[in-house]
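Below: the structure, in structure tokens.
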Amino acid sequence: MDKVRIGIIGFGHMGNQHSSALLADKVPNAKLAAVADIDPKKLEKARALAGDSVSYFNSAEALMDSGLVDAVIPTCPHYWHPVYGIYALEHGLNYLCEKPAGVYTNAVKKMNEVAAKSDKVFGVMFNQRTNPLYQKARDLVQSGEVGRILHCHWLISSWFRPQSYYDNSDWRATWKGEGGGLLMNQNPHNLDLWQWICGMPSRVKATVYYGKYRNIEVEDDVYALMEYPDGHIGTYVTTIADEPGTNRLEISGTRGKLVVENDSLSFWRCREDTDDFQKHFKGEIGHPEIWKCEIPVKGTYTSHCGIIKNFCEAIQKGTPLLAPGSEGINSLEIINGILLSSWTGGDWVDLPVDGDRYEALLRQKCGGKFICEE
């Protein structure tokens, strides 16, 4: 096919953004074919943007049953992401899941199981994987250039949100509508990059504050400690309160320290691996020679359009996905683990999380039913 026909489910902020990009031909191998929304006013906004070249539906199922699309992207409340994913894949459609893959791991596991049995392309919208900075950081870690990881720290406080952001939507920042706050909305990007670069932690414990800085019921300030299978430690700090905020990823290994900050990548490289140095050094205090290197980063950050283009190439030519849908559960495991630790007194929580326990506690916060079950 010359262009993959895309259907957008939900015409809020992200639905508008993806639709506008497709209409502006920013994704050369894709076109907007249909939009669905249960709100007639939002459908009118979509029609005002796209005109008669696009078909409109008042339900996601009607869009997916229409035969007018090859693939769908859900830009709707998070609980629906795995619901529509399962429906799409079972009905012969390719599925590019917006982040997060879902709210609780049990639902996402079911979606992954359906995807594994399908011959359709299943991706997830982790657009920051297209950033050459993080691609290069991953390359340096995965290739062993940093050595054996000792510590990894991410301070991501540049997610400032005012109260009006939360007041703009009745589903946002609620357990029943969004399934969480800062972690579930903004941080899936960073936590995906965290595990993509450094691997999955084996357990986590956390201190989480709910409605500390904004009039919301979900988390807006988070401090998490993570432990990895090889024993190295990670700290993760995030908030919506700081302005200006900081976005600093620091990874320390036996061959040096890697820092991603201010759109640059710096590497303090040890001339000798510290594991080797400490074996032969006989003085009281000493360290290997250290070189500070500014790592050149080539390429362009293509963000959402880059993920959609890659997804369509996978449909058309079998190109490997930059963000396979099956990996969407990884950052969600960490999110569920952080929240579960908070809900159970700040104790360590093993990963993968106990999905049944997490779902049961989340259901209590939602009054027994999730929004997608009503």
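The values are calculated or read from the model by the stated rules, or taken from the named source; none is laboratory data. In this text the structure is predicted, and so the values were computed from the model without any measurement. Note: ideal-geometry Cβ built from the backbone for every residue, glycine included; neighbour counts use all protein chains shown. Each accessible area value is taken on the protein alone, full model and side chains, heavy atoms only, with ligands, DNA and RNA left out. Shrake-Rupley method; radii C 1.70, N 1.55, O 1.52, S 1.80 Å.
Before moving on, here are some points about what is shown:
- Among the residues of the stretch 189-204, those identified as surrounded by fewer than 23 Cβ atoms within 10 Å (Cβ to Cβ), at negative phi and not in a helix (DSSP H, G or I) are MET200, SER202, ARG203.
- Residue identified as part of a helix (DSSP H, G or I) and either of a type in the set (Gly, Ala, Ser) or farther than 30 Å from ASN94 by Cβ (or both) among GLY299, GLY283, GLY306, GLY245: GLY306
- Pick from the stretch 342-374, criterion among the aromatic types (Phe, Trp, Tyr) and touching a Phe, Trp or Tyr at 6+ places or on another chain (Cβ under 9 Å), ranking: surrounded by the most Cβ atoms within 10 Å (Cβ to Cβ): PHE370
- Of all the listed residues (ARG255, ARG248, ARG271, ARG214), the sole one being touching a Ser or Thr at 6+ places or on another chain (Cβ under 8 Å) and not hydrophobic (A, V, I, L, M, F, W, C) is ARG255.
- Residue check: LYS26 meets all listed conditions (1) touching a strand residue (DSSP E or B) at 6+ places or on another chain (Cβ under 7 Å); (2) open to solvent by 40 Å² or more (accessible area, probe 1.4 Å); (3) under 26 Å from LYS317 (Cβ atoms); (4) of a type in the set (Lys, Arg) but one, namely (1).
- For ALA107: the one exception among (1) among the small types (Gly, Ala, Ser); (2) surrounded by 21 or more Cβ atoms within 10 Å (Cβ to Cβ); (3) more than 22 Å from ASN336 (Cβ to Cβ): (3)
Here's the yes/no breakdown for (1) touching a residue at least 24 places away in the same chain (Cβ under 8 Å); (2) touching a strand residue (DSSP E or B) at 6+ places or on another chain (Cβ under 8 Å); (3) within 23 Å of THR130 (Cα to Cα):
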site	(1), (2), (3)
ARG248	yes, yes, yes
THR254	yes, yes, no
ASP263	yes, no, yes
GLU272	no, no, no
ASP276	no, no, no
HIS280	no, no, no
PRO288	no, yes, no
TRP291	no, yes, no
GLY299	yes, no, yes
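- Within the stretch 33-55, the set of residues being in contact with a helix residue (DSSP H, G or I) (Cβ under 7 Å, 6 or more places away or on another chain), outside any loop (DSSP other than H, G, I, E, B) and under 22 Å from GLU90 (Cα atoms) comprises ALA34, VAL35, ALA36.
- Residues that are open to solvent by 20 Å² or more (accessible area, probe 1.4 Å) and of a type in the set (Phe, Trp, Tyr) within the stretch 74-96 comprise TRP80, TYR84, TYR87, listed in sequence order.
- Of all residue pairs spaced 6 or more apart or on separate chains, those with beta-carbon atoms under 7 Å, a first member in the stretch 208-229 that is outside any strand (DSSP E or B) and aromatic (Phe, Trp, Tyr) and a second member that is surrounded by 19 or more Cβ atoms within 10 Å (Cβ to Cβ) and modelled with pLDDT of 95 or more are TYR213/ASP220; TYR213/ASP221; TYR213/ILE240; TYR228/PRO201; TYR228/GLY234.
- Residues (part of a helix (DSSP H, G or I) and of a type in the set (S, T, N, Q)) located in the stretch 71-115: THR105, ASN106, ASN112
- Here GLY147 passes the criteria (1) farther than 26 Å from THR254 by Cβ; (2) in contact with a helix residue (DSSP H, G or I) (Cβ under 9 Å, 6 or more places away or on another chain); (3) assigned to a loop (DSSP other than H, G, I, E, B) except the one numbered (1).
- Scanning the stretch 280-317 for residues that are open to solvent by 70 Å² or more (accessible area, probe 1.4 Å) and closer than 25 Å to VAL260 by Cβ turns up HIS287, GLU289, ILE290, TRP291, LYS292, GLU294, PRO296, LYS298, THR300, TYR301, LYS309.
- LYS99 meets the stated requirement of being open to solvent by 20 Å² or more (accessible area, probe 1.4 Å), at pLDDT 95 or above and either touching a strand residue (DSSP E or B) at 6+ places or on another chain (Cβ under 6 Å) or closer than 30 Å to LYS298 by Cβ (or both).
- Residue count for the stretch 256-279 under the criterion of being more than 24 Å from the chain's Cα centre (by Cα) and either charged (D, E, K, R) or open to solvent by 50 Å² or more (accessible area, probe 1.4 Å) (or both): the result is 10.
- Across the stretch 25-41, not a single residue is classified as touching an Asp or Glu at 6+ places or on another chain (Cβ under 6 Å) and touching a residue at least 24 places away in the same chain (Cβ under 8 Å).
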